[in-house]
Amino acid sequence: MRDLLIIFDSVRYDNFMAVYAATKWRKYGKVYKAYSHGTWTRPSVVSMLSGYLPQSEYGQPYKPSWNMLSPQVFHDREIPSWFLNSNAWMSKMAPSDYIEYSFLEGHSAPRIIERAKEITEMYHNFFIVMLLTETHIPYNYDPSVDGDHLNKVFKSYNNGEDNDAPWLARKYQKRGIIHLMNLVEPLFDLADRVFITSDHGDLMGEHHKVGHDPTFPFHKVLLEVPLMVIE
Ligand SMILES: [Zn+2]
């Protein structure tokens, strides 16, 4: 088994589709509309590390008995597992059976992808999960983006002020998706299967909110995420 599970943090389905429709990624196949197991990072990613991708018509590729949070089962099958992560919420839990459960601070997709490449060269079998945050508020992986300013605009909007926060969130998340697409594409030839999905969506104007704070009211866009399977 040579599997990569790539999670673009916070990417809502409709935003992903807008980018997908405008790029050459159509050649990699369809995008399933999937439903995440949680509306924010930790419950959703824990579900994925437990063997359950977001629900979709694609189904579940992993056997439920393969508890990836305790990848001893993977070890027994000689499938070493890695979780390469740049989300601080996930860094606080570190299952000991992973060969590597690293936390790379900041928007670190280039370093995470470089590490994944090294692993694919060193091991015949692997299961590598990558959680990439360039698509997460405040989208400040690019030095030209003033993340502090964006955070202020989003906070004011969430407190009731009318401003262009929803438009800005869509614009910058789409930029983040394109950025990550370009970075992860070279990995596709290194694995048998590549799963690309998200851990939850983001409010972008629904309920007059931007983001996915678990205290926000529920909206279905928080669960609607893309799922691509490239094999
Ligand atoms: Zn998240």
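Values quoted throughout were computed directly from the atomic coordinates according to the rules given, and no laboratory measurement underlies them. Predicted model only: the values in this text are computed from it and were never measured. In this analysis, Cβ positions are derived from the backbone assuming ideal geometry, glycine residues included, and neighbour counts consider all displayed protein chains.
Quick notes on this one:
- Put simply, when 15-23, 115-123 are sorted by average Cβ atoms within 10 angstrom per residue, most first, you get 15-23, 115-123.
- Debye equation applied to the C-alpha atoms of the chain, log10 I(q)/I(0) at 0.15, 0.18 Å⁻¹: -0.98, -1.41
- Taking amide H atoms as placed 1.01 Å from N in the peptide plane, the amide H of L5 lies under 5 Å from those of I128, V129, M130, F195, each 5 or more residues away in sequence or on another chain.
- 22 Å Cα-Cα threshold exceeded, pairs from K24/K63; K174/K220; K24/K209; K27/K171; K92/K174; K27/K174: K24/K63; K24/K209; K27/K171; K92/K174
- A helix-only calculation puts the chain at -9500 deg cm²/dmol for mean residue ellipticity at 222 nm, using -39500 (n - 2.57) for each DSSP H run of at least four residues, averaged over all residues.
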